[in-house]
Every structure is written in structure tokens, then in C-alpha cells.
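Quick note: the coordinates plus some simple rules give every number you see, no bench work behind them. This is a predicted model, so every value here is computed, not measured. Cβ placement follows ideal geometry from the backbone for every residue including glycine, while neighbour counts extend to all protein chains displayed.
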Amino acid sequence: MEITKKTEETAFLSLLEQYISIIVKIVNAYTYNAQDKKDLMSDIVFELWKSYPKFRGEAKVSTWLYRVALNIALKTKRKRDNNKLLFVDELIAFDTDAFIDSSDERSGINLLYKCIEELNPINKAIILLYLDDKSNEKIAEITGLSRTNVSTRLNRIREQLKVCMIKNEDYGN
């Protein structure tokens, strides 16, 4: 049976809705202000849409999504240029604002993200995957590092975050 364009769009939107929390975590870790969050969210969604037809299911959907989202986050050094998204009406209507919390109510989380922002890009990716309950094996698979390297880095990252959070404990108060 031939997959119609509408069926593909519907499947993609469903997948996006199911895994949006992964994208939100990455966006929050790699940006500070609401506009940058929106820009990065749009960039990630756009790249996921472009690569969706090529996804063969050889890896788990979450692994594929992490790889695409982290690659975009790591490559994004400035705001998105004026390229317009060439999405269907439903994709444009997908409300990404609903997933971005710009309030100060989550100051503990904001402090954690502030400390994560200070990490180098690969360590940032590792801790995001760890915070999403990924095993060391899965983190190694996604990042391309060895399991031993992931374990060692996680120990160092946790210590760095602990020091950063203690140093900045007045940030949210």
C-alpha cells in the first residue's frame, strides 16, 4: 500500500507529539531565552521532518530523534536565518509554545539548565541523555563514545554540576 503524503504527515505529527519531551530537554539545555528556544525548536522539527522519510526503523525512534536533535543543537550557533519552513498547515499549526516554559516558577530546573549550559557540547549531550534515563550503553550508542568513556564522563559531569549548583544556589532565590 502506498503511503500518502497526508498519512506521512499525520504519522510524523503523532511521532512528534509522542517524543516532544526529548526535544524540549535539548532545547532548554542549549538555549536561554524564549526566542532562541522557539528558533531551535523550529530548526529541530524542520530537520526531523526532512529526515523522517529516510528513517528506516533500524534504530529506535528515540535514538534517531536524539541524534537529529542533538546534531542540530550542536550546530546551531546563532539564530535561524530567514528561511521559511515549508510544512503543511498542520505542522505549522503545531503549538511549540505550549512546551516551552519561560516562567520563573521552575528556578531549580533553570539552575540545573544554567549549569548544564556551562558543560562542553558532548558532556551536555551525555547528561541530557542520562537525565532522560538512558542507559550507559544507549548513551554510548547515540553519542558514538565507548561505554567506559560514558561512565567516566558521567561521574565527572555529576561532580561539575554539583559544584556549579552549590556555587550558584542563590540563582533561583
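Summary table below
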quantity	calculated
Residue among Ser151, Ala125, Leu112 farthest towards the positive dipole end of the stretch 103-173, charges placed on Cβ	Ser151
Full-stretch length increase - Lys5, Ala34 - with 0.36 nm per residue and alpha-carbon distance subtracted	7.2 nm
Size of charge dipole - the stretch 103-173 - debye, nearest 20, with Cβ of Lys, Arg +1 and Asp, Glu -1, no other charges	320 debye
Residue-wise HN-Hα coupling along the stretch 108-115, computed from phi with Karplus coefficients 6.51, -1.76, 1.60 (Hz; x: Gly, Pro)	x, 5, 4, 5, 4, 5, 4, 5
Sites Tyr52 and Arg147, calculated FRET efficiency, Cβ-Cβ separation with R0 41 Å, nearest 0.05	0.90
GluC sites (Glu not before Pro) within the stretch 1-69, DSSP loop, no more than 12 other Cβ atoms inside 10 Å	Glu2, Glu58
Over 19 Å (Cα to Cα) - which of Lys60/Lys134; Lys38/Lys138; Lys138/Lys162; Lys25/Lys75; Lys25/Lys114; Lys60/Lys124 fall in this group	Lys38/Lys138; Lys138/Lys162; Lys60/Lys124
